[in-house]
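Please treat every number below as a calculation from the coordinates, not as lab data. Only a predicted model underlies this, so the values are computations on that prediction, with no experimental measurement involved. Backbone-built Cβ (ideal geometry, glycine too); neighbour counts: all protein chains shown.
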């Protein structure tokens, strides 16, 4: 089945630095060894025992930012997205080269998104600090809507199977002085009451980087998946407003997710597939390019997702349901996160300032 180690990228498209899959020769060697009775080798040739970390999979963080209060999770039922705003208390601008998100109750965390809220941002400014809250608890209708819509940059997205971000020297994420981290938590119930207090561990860059990493996304909120459809296609396209270096991908769907693809669509209609994933909800991986790709302003990117809403999908909650976008696992999402590097002095708002066609041709 080739399920372990988990890796779901179609080998025909792209090359990725974090690909753990075994070669055909390695698989053949293991099969031959197993068929031969799996004899033990010489103890003298054994590698040293691994020293497994009890907590962090990155070097010891310089700072750990924890949700100020634990969130109580009920035994059953659906849990509305829960937010907590955690001040960083950073006195100066900070460059983060590595980051890991660690739930204290991973069995209950469907996903987590940690946003960077700069001090000049108006996003959720009337929401409580240091207290868990949901959108429905906010009194301002604008802020209730804002809870699900923000242009703030992402520090990291966590989902089952995902790995920490470890950027090479010269690349880092930027956290302005005085920023808050906003934890958006999607909890699921499993028959046992629990509590969670998720943390984010940050390792700082030793020197100011040449490039700033920002996380972008292609998503389609208008998806409508018919009952019984076993290969339903949804797509979205967008163009890069400025030059950028493409670094990695992180596709996200729910239980009906089947495949996900990222493409470059050229003016003549030809398509270059950058990544195609045979999607697995319980192993949501990031795919880091072995060689970062320089993309010019105006490059058209496309994300395509396929869904299996039939009875043949063993994870399908209800094959009779017409499925639309929604927060809960029984609903669906279509989000193609991707990371790009831009000049260190450019923030996300500046990146989205588009230049005229004439200026683009001069670049």
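Here are the numbers:
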quantity	calculated
Relative contact order %, the chain, counting alpha carbon pairs below 8 Å whose residues are six or more apart	23
As computed over segment 228-318, the Cα convex hull volume per residue (Å³)	98
Label point distance in nm, residue 92-residue 224, each placed 7 Å from Cα along Cα→Cβ	5.6
Exposure proxy ranking, count of Cβ atoms within 10 Å, fewest first, for 3, 253	3, 253
Segment 275-360: C-alpha gyration tensor shape, a/c 1.5 cut-off, then a/b vs b/c	prolate
Förster radius 30 Å - calculated FRET efficiency between residue 327 and residue 231, Cβ distance, rounded to 0.05	0.75
Proxy reagent accessibility, fewest Cβ within 10 Å first, across 173, 69, 291	291, 69, 173
Over the chain: Kirkwood hydrodynamic radius from C-alpha pairwise inverse distances, Å	22.3
Prolate/oblate/rounded label for segment 250-292 (Cα gyration tensor, a/c 1.5)	oblate
Förster-model FRET efficiency, 45 Å R0, residue 265 and residue 193, C-beta, rounded to 0.05	0.40
Per-residue Cβ neighbour rank within 10 angstrom, fewest leading, 4, 67	4, 67
Stretchable slack from residue 27 to residue 57, in nm (0.36 nm times residue separation minus alpha-carbon distance)	8.1 nm
Label-point separation, residue 143 to residue 50 (7 Å along Cα→Cβ), nm	4.5
